[in-house]
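Structure first, commentary second.
The values are calculated or read from the model by the stated rules, or taken from the named source; none is laboratory data. A quick note: this is a predicted structure, and the numbers were derived from the prediction, not measured. As a convention, Cβ positions derive from the backbone with ideal geometry for all residues, glycine included, and neighbour counts pool all protein chains shown. Each accessible area value is taken on the protein alone, full model and side chains, heavy atoms only, with ligands, DNA and RNA left out. Shrake-Rupley method; radii C 1.70, N 1.55, O 1.52, S 1.80 Å.
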Amino acid sequence: MALAWQQPGKSVEVEMREEGLTGSRYTARIVEVAGKRVHVEFDDFFEEGSEVTLLRDWVKMDQLRPPPPATPPDFFHGLGSGDALELRHEDGWWAVQYMGSRRAAGRQEHRVRSVLYAAEHWV
């Protein structure tokens with residue numbers, strides 16, 4: 001039996017498994033549930049050749065999770081090197097590790113590392 005957040009009309013995050021998107025998560029709305037498969041409509045992906053028709057796809061139930069809670073205002077103060085985070089990039093959420101922070105050009109920057117993609121960035 002599906003949980004309350006796994007019902008049609010609910011917002012979810014979908015774990016992507018396609019090459020180049022592996023491990024990232026994108027927001028979607030559940031359209032239909034059929035056993036362990038779920039028909040979703042993505043919030044930020046469009047059908048090929050369209051700029052208005054949102055992409056719909058069938059995914060496995062184990063690719064879904066509920067949306068996360070809001071980020072608390074003091075979130076960065078409690079982080080330590082190596083802590084697991086998710087970074088929003090190109091409308092998706094990507095798993096990264098927090099590596100540290102610095103003050104540059106009058107603003108706070110944070111260094112993150114993607115273990116899966118062997119890349120580090122200041123954000």
Members of the stretch 63-81 found to be open to solvent by 90 Å² or more (accessible area, probe 1.4 Å) and in contact (Cβ under 8 Å) with a residue 40 or more places away in the chain, listed by number: none
Pairs where the first residue, in the stretch 3-23, is open to solvent by 30 Å² or more (accessible area, probe 1.4 Å) and the second is β-branched (Val, Ile, Thr) and in a strand (DSSP E or B), C-beta under 6 Å, 6+ apart: 8/30; 10/30
Flag if residue 52 is of a type in the set (Val, Ile, Thr) and either buried (at least 17 other Cβ atoms within 10 Å of the Cβ) or in a loop (DSSP other than H, G, I, E, B) (or both): yes
Lone qualifier among 84, 105 - being open to solvent by 50 Å² or more (accessible area, probe 1.4 Å), small (Gly, Ala, Ser) and modelled with pLDDT of 90 or more: 84
Matching option when the condition is out of contact with any helix residue (DSSP H, G or I) (no Cβ under 7 Å at 6 or more places or on another chain), open to solvent by 30 Å² or more (accessible area, probe 1.4 Å) and over 24 Å from residue 122 (Cβ atoms), among 36, 60: 60
Failed condition for residue 120, given (1) open to solvent by 80 Å² or more (accessible area, probe 1.4 Å); (2) among the acidic types (Asp, Glu); (3) within 22 Å of residue 68 (Cβ to Cβ): (3)
